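The structure under discussion appears below in the form of structure tokens.
The values are calculated or read from the model by the stated rules, or taken from the named source; none is laboratory data. Keep in mind that what you see is a predicted model, and the values were worked out from it rather than measured. Cβ coordinates were reconstructed from backbone atoms using ideal geometry, including for glycine residues, and neighbour counts include every protein chain displayed. For the accessible areas, the whole protein counts, side chains as well, though only heavy atoms, and no ligand, DNA or RNA atoms are used. Shrake-Rupley method; radii C 1.70, N 1.55, O 1.52, S 1.80 Å.
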Amino acid sequence: MEKMIITISREFGSGGRSIGKAVAEKLNIPYYDKELIKEVAEETGLSPEYIENVGEYAPGKSLLSFLPALTIHNKYPNNMSAADFLWCMQSKVILDLAAKGSCVIVGRCADYILKDDPHAVHVFVHASTEYKADRIVRLYGESEKRPEERLADKDKKRSVHYKHFTGREWGKCQNYHLSLDSGKIGIDKCVSMIVELAEQTNE
């Protein structure tokens, strides 16, 4: 099998993470989501909690503001913001993983980082607010915020982060090979469509 790289970008609550994991299982290739966080943590010395909570959301703060999040303090250059440092290291890890072989990578601007990889297929998963709101309540439970507010807050932060580091519009269909409405199509059908596209691309 020729190398297959699949990046999954997704709106919060759309099921993109579940879709990515199922695609990796069907193709029998590595899946990187939480696993990617561990790889970046080992490379940077940043805590996994920090990487998970900030890595897709918060450009611009000084690294010194986050020294408690560090377990190793000698890997970053002076005068670099925490977000810039994390972006550089995440990019390195993603490029290294893609170079090793076939894989599915969820989030972390992997579609942009691997935009020039001829083996890569880039997918964006979205859905209606109603579908996503129902899904996050079922999966994560209620919170003080209305589910619609939680959705808007998460996706706004992802969009700002993506624009800051890539200069592109997050979710714009021209940036992806496939854009899927998981609420209309269904999770299982999204999985099969991605698998089919990846296999056709690599014939």
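Listed values, structure above:
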read-out	value
Three-way shape label, the chain, alpha-carbon gyration tensor, a/c 1.5	oblate
Residue-averaged [θ]222 nm for the chain, counting only DSSP H segments that reach four residues, each worth -39500 (n - 2.57)	-15500 deg cm²/dmol
Accessible area (Å², per residue) of the range 88-195, counting only protein heavy atoms and a probe of 1.4 Å	50 Å²
Longest exposed-site-free window of the chain, the sites being trypsin sites (Lys or Arg not before Pro) in a DSSP loop that have at most 15 other C-beta atoms within 10 Å	1-60
Relative contact order computed over the chain (Cα-Cα under 8 Å; 6+ residues apart), in percent	35 percent
Counted charge near Asp117, where neighbours are those whose Cβ lies closer than 15 Å (Asp, Glu -1; Lys, Arg +1)	+1
The chain - percent of accessible surface contributed by carbon and sulfur, probe 1.4 Å	49 percent
Entries of Lys38/Lys156; Lys132/Lys154; Lys115/Lys156; Lys34/Lys115 with Cα pairs more than 20 Å apart	Lys38/Lys156; Lys115/Lys156; Lys34/Lys115
